[in-house]
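*Asks:* First the structure, which I've put down as structure tokens, then a few questions once you've had a look.
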Amino acid sequence: MSTKSIKEMGWDELVIGAAVYSFEGTINYNVAEVLPEDRHYAETNSKMAYVGDWRVFKPVWNSELCIDCQNCWLYCPDTSIISRDKKMVGVDYDHCKGCGICVEVCPTNPKSLLMFAEQIKNEEALTQWPEKTKGE
């Protein structure tokens, strides 16, 4: 039996059928009622791994255009849209892989989320936002 941490193990060192837990210890509360940053994630939880370096394009959020419809939060496959009390507050760039689904489902005109190249700073991206167009 290996004494390595799961983070030290390669994918082929995991035992077939091994249990991968999401949280540390016994959970005797409703996890959904605890803010993500206050949860005790196990080292095997994907929340503990930074995967943002896979991204080539990133979503940038323009809070002035957002109507808090929550479509982006609902459709994000990586739960990388951060929302509090049904209001969007940002993007978790540690886990966002830049798929762009959040941009596709954004209903505003212009969209409150747009994709930009990873190397463009968010402040610079906000200066490049398009104007509202009629008839779209």
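The values are calculated or read from the model by the stated rules, or taken from the named source; none is laboratory data. Note that this is a predicted model, so its numbers are computed, not measured. Neighbour counts run over all protein chains shown; Cβ positions are idealised from the backbone, glycine included. Accessible surface is based on the protein model in full, side chains and every heavy atom, while ligands, DNA and RNA are left aside. Shrake-Rupley method; radii C 1.70, N 1.55, O 1.52, S 1.80 Å.
*Asks:* Which of the cysteines in the chain are isolated, no other cysteine C-beta under 4.7 Å?
*Replies:* Cys66, Cys69, Cys76, Cys96, Cys99, Cys106
*Asks:* Probe radius 1.4 Å, ligands and nucleic acids left out: which of Trp61, Trp73, Trp129, Trp11 has the largest accessible area, and how do the rest follow? Mind showing how you got there, number by number?
*Replies:* Details: Trp61 55, Trp73 125, Trp129 30, Trp11 215 Å².
Ranked from most to least accessible, the order is Trp11, Trp73, Trp61, Trp129.
*Asks:* For region 45-136, what does the relative contact order come out to in percent, with C-alpha contacts under 8 Å and a separation of six or more? Intermediate values should be presented prior to the final figure.
*Replies:* Values: 136 pairs, mean separation 33.0, N = 92.
In percent, rounded to a whole number, it is 36.
*Asks:* Ignoring everything but the protein chains, give the 1.4 Å probe accessible area of Lys111 in square angstrom, nearest 10.
*Replies:* Surface open to solvent at Lys111 totals about 60 Å².
*Asks:* Moving on to the next point. Quantify how much of the Cα-Cα distance distribution of the chain extends past 20 Å, in percent.
*Replies:* Here the long-distance tail beyond 20 Å is 56 percent of all Cα pairs in the chain.
*Asks:* Follow-up. Could you tell me what percent of the accessible area of the chain is made up of carbon and sulfur, with a 1.4 Å probe and every protein chain present? Don't skip to the answer; put the middle values down first.
*Replies:* Numbers: 5290 of 9720 Å².
Looking at the chain in its full context, I get 54 percent from C and S.
*Asks:* Keeping all protein chains in place and using 1.4 angstrom, which order do Val60, Val89 fall into by accessible surface area, from largest down? Provide the component values of the computation, followed by the final result.
*Replies:* Numbers: Val60 0, Val89 80 Å².
From most accessible down to least: Val89, Val60.
*Asks:* Can you give me the convex hull volume of the Cα atoms of region 69-132, divided per residue and expressed in Å³? Intermediate values should be presented prior to the final figure.
*Replies:* Values: hull volume 5.8 nm³, N = 64.
Taking only Cα atoms, region 69-132 has a hull volume of 91 Å³ per residue.
*Asks:* Can you work out the Karplus-derived ³J(HN,Hα) for every residue in region 61-67? Use 6.51 cos²θ - 1.76 cosθ + 1.60 with θ = phi - 60°, whole Hz, and x for glycine or proline.
*Replies:* These are the phi-based 3J(HN,Hα) values: 9, 9, 5, 6, 9, 6, 10 Hz.
*Asks:* Let me ask something else about it. Cut-off under 25 Å on the C-alpha distance; same-chain residues fewer than 8 positions from Lys97 excluded. Which lysines are left, in chain and number order?
*Replies:* Candidates past the 8-residue exclusion: Lys7, Lys47, Lys58, Lys86, Lys87, Lys111, Lys121.
*Asks:* Quick one: accessible area per residue over region 95-136, 1.4 Å probe, rounded to a whole number of Å²? Walk me through the intermediate numbers first.
*Replies:* Working: 2700 Å² over 42 residues.
Using a 1.4 Å probe on heavy atoms only, each residue of region 95-136 averages 64 Å².
*Asks:* Note down the nm distance, to one decimal, between modelled labels 7 Å out along Cα→Cβ at Tyr29 and at Val51.
*Replies:* Distance between label points: 2.6 nm.
*Asks:* A further question follows. If DNA, RNA and ligands are ignored and the probe is 1.4 Å, what is the ranking of Tyr41, Tyr50, Tyr29, Tyr21 by accessible area, most exposed first? Don't skip to the end; give the middle numbers.
*Replies:* On the way: Tyr41 40, Tyr50 125, Tyr29 85, Tyr21 150 Å².
Ranking Tyr41, Tyr50, Tyr29, Tyr21 by accessible area, largest first, yields Tyr21, Tyr50, Tyr29, Tyr41.
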